[in-house]
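Have a look at the structure below before the remarks.
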Amino acid sequence: MAADELLADPAELAVKLGRSEDDPKLLYALRAASRRFRGQVRHQVTLVTDDEETLDGNGRESLLLPVWPVTAVSAVVLNDTTLVEGTDYEWSEAGILRRLGCLHWPDRLRCLRVVYSHGWDGLDQIPGDIQEVVLERAEAGVNIPVGVQSQTVGGQSVTFGAQAAAGSTEAWVKAVEKYKVRTSGDA
């Protein structure tokens, strides 16, 4: 299993569930929760190097790159002209790409090509709120049969909350909103 495939530590889930960290059901649930989170935020979350994006200009001095944190910007090409970092533009870890010299990005579609690196390099760098919701969803995946909201065995009955069964807790929704791919309208 690739180290960057999971967005949370199997050992943490294993302790919580009282299982071995190489338990196939535990690992499946953790992979599924990681895939689900990635799918909903529409990016890898883990480090991606030299990702090339074609962006729309916004007519402003600054624009947001779609994914953060930004770890490097290796090329910015505006209308087939390569710009120079520190002279023509600057960037921040938050994904802000700013024009320098009192200039603005053109207000045109597909006028900008950016090659940049983004994401977190390893489990120890992935934000805690991402890890928590992935662990929470994986735990539900192990403990709650798909589509089941209540279960009775013998004389005991257990009812699961709809959010736990579906995996859309308030914490999950907030984390997805916080880390999703940004569009030009988010600036």
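Here are a few things to note about the model shown:
- All positions within region 72-95 that are without any contact (Cβ under 8 Å) to a residue 24 or more places away in the chain and within 24 Å of TYR179 (Cβ to Cβ): GLU90, SER92
- Any hit, region 161-178, residues being surrounded by fewer than 12 Cβ atoms within 10 Å (Cβ to Cβ), at pLDDT 95 or above and basic (Lys, Arg): yes
- Filter pass, SER34 being hydroxyl-bearing (Ser, Thr, Tyr) and either on the phi > 0 side of the Ramachandran plot or in a loop (DSSP other than H, G, I, E, B) (or both): no
- Subset of region 104-134 that is assigned to a loop (DSSP other than H, G, I, E, B) and open to solvent by less than 80 Å² (accessible area, probe 1.4 Å) - its residue that is nearest to LEU64 (Cα to Cα): TRP105
- Selected residue (only one of ASP23, ASP4 is modelled with pLDDT under 95 and not aliphatic (A, V, I, L, M)): ASP4
- Tally of residues being assigned to a helix (DSSP H, G or I) and surrounded by 20 or more Cβ atoms within 10 Å (Cβ to Cβ) across region 37-46: 1
- Test: residue in region 60-82 that is under 18 Å from the mean Cα position of the chain (by Cα) and among the basic types (Lys, Arg): no
- Number of the condition not met by LYS16 [criteria: (1) closer than 18 Å to TYR179 by Cβ; (2) open to solvent by 20 Å² or more (accessible area, probe 1.4 Å); (3) assigned to a helix (DSSP H, G or I); (4) not β-branched (Val, Ile, Thr)]: (1)
The values are calculated or read from the model by the stated rules, or taken from the named source; none is laboratory data. Fair warning: this is a prediction, and the values are worked out from it, not measured in the lab. Here the Cβ is made from the backbone with ideal geometry for all residues, glycine too, and neighbour counts use every protein chain on show. In case anyone asks, the SASA skips ligands and DNA or RNA and just uses the protein heavy atoms, side chains included. Shrake-Rupley method; radii C 1.70, N 1.55, O 1.52, S 1.80 Å.
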